[in-house]
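The values are calculated or read from the model by the stated rules, or taken from the named source; none is laboratory data. For clarity, every value in this text was computed on a predicted model and none was experimentally measured. When we count neighbours, we look across all protein chains shown, and the Cβ atoms used for this are built from the backbone with ideal geometry, even at glycine.
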Amino acid sequence: MNEVVGRFAPSPTGPLHFGSLVAALASWADARARGGRWLVRMEDVDEPRCVAGADREILRTLERFGLRWDGEVMYQSARGAAYREALERLKELGAAYACSCSRKEAGEVYAGTCRAGAREAGKPVAWRVRVEDVEVGFDDRVCGRFTQNLARDVGDFVVLRADGLFAYQLAVVVDDAAQGVTDVVRGADLLDSTPRQIRLQRLLGYPEPRYLHVPVVTNAAGEKLSKQTLAPALAEGREEEDLRAALRFLGQPEAPRGVELLRWAVEKWRVSDGL
Ligand code: GLU
């Protein structure tokens, strides 16, 4: 088997919360349990949403929890050339087209209005990737088979926004390929982004990583922990309890008191249905 390469790819929009710890710990343990490498990538492609200094705070928090990464941290804000090159390839393939529709005009599932050419000359255009009326699926290591018909469920999707920023969907695919990521482990809120990412991998000739989507952590109101739902930052001095809670959330066996938690987590790491 080729070497396992996992990654944690936070958006530096604020401090890590318990939900991010679960995703980080799962990808770390999953890679380390197979002797693999674990990378950290700052997904700061959507610069207006990023908060100055949040990247350093995230890295400090990972260190505080003992989650050590390999190599240099990749920053998406420095990757524009690679994304432009990928977009050029999509254009050459005839798989991408300019679109002048506003978000409102485009609606939930884009009907392909600009496929034959952007309708409104002179307006800033977004670039969309064509999708096909076929099922795109993959076997998630926890969730099982997941399938979407991209034409029916998503529509042609944006890879370069009209404001000039590359979209997450393109950036993540280009970077996972560039970093040789073999195993994507992340929250299940991204499950329905995966078929779009597979579409891009196939168009660009990239290998398809294995996927493991871990259940999303919610608050008492049933909302996903996030900056928007005001999830509290991971407090200092609670590392042991937080790690134990994250392992429990991930369905891992309870570690006896006094063991070195991360070593235990790697030794016992198991992935089963629903985790
Ligand atoms: N940057 C994304 C987030 O923080 C994660 C992307 C991924 O893991 O593919 O939600």
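Do we find a residue being free of Cβ contacts under 8 Å to residues at least 60 places away in the same chain, more than 16 Å from the ligand (Cβ to nearest atom) and in a loop (DSSP other than H, G, I, E, B) anywhere in segment 49-63? Looking through segment 49-63, at least one residue is free of Cβ contacts under 8 Å to residues at least 60 places away in the same chain, more than 16 Å from the ligand (Cβ to nearest atom) and in a loop (DSSP other than H, G, I, E, B).
Residue count for segment 183-229 under the criterion of being more than 14 Å from the ligand (Cβ to nearest atom), among the small types (Gly, Ala, Ser) and touching a residue at least 12 places away in the same chain (Cβ under 8 Å): the result is 0. Residue 148 falls short on exactly one of the conditions (1) of a type outside the set (A, V, I, L, M, F, W, C); (2) assigned to a strand (DSSP E or B); (3) within 15 Å of the ligand (Cβ to nearest atom), and that condition is (3). Looking only at residues in segment 17-38 that are surrounded by fewer than 23 Cβ atoms within 10 Å (Cβ to Cβ) and not in a helix (DSSP H, G or I), the one that is farthest from the ligand (Cβ to nearest atom) is 35. Within segment 93-138, the set of residues being assigned to a helix (DSSP H, G or I) and at pLDDT 90 or above comprises 104, 105, 106. If you go through segment 100-143 and keep only what is of a type in the set (Lys, Arg) and within 25 Å of the chain's Cα centre (by Cα), you end up with 103, 128, 130, 141. Residue 245 passes every criterion in (1) at pLDDT 95 or above; (2) within 24 Å of the chain's Cα centre (by Cα); (3) under 17 Å from residue 30 (Cβ atoms) apart from (3).
Cβ separations smaller than 7 Å between residues 6+ apart or across chains give the following pairs from segment 28-48 residues that are over 30 Å from residue 163 (Cβ atoms) and in contact (Cβ under 8 Å) with a residue 12 or more places away in the chain to residues that are part of a helix (DSSP H, G or I) and of a type in the set (A, V, I, L, M): 29/265; 29/266; 32/266; 33/266; 37/31; 38/31. Would segment 76-92 turn up any residue that is within 13 Å of the ligand (Cβ to nearest atom) and closer than 26 Å to residue 236 by Cβ? Within segment 76-92 (the criterion being within 13 Å of the ligand (Cβ to nearest atom) and closer than 26 Å to residue 236 by Cβ), the answer is no, since none of the residues qualifies. Of everything in segment 1-16, what is within 13 Å of the ligand (Cβ to nearest atom) and closer than 18 Å to residue 213 by Cβ? Give them in sequence order. Answer for segment 1-16, where residues must be within 13 Å of the ligand (Cβ to nearest atom) and closer than 18 Å to residue 213 by Cβ: 6, 7, 8, 9, 10, 11.
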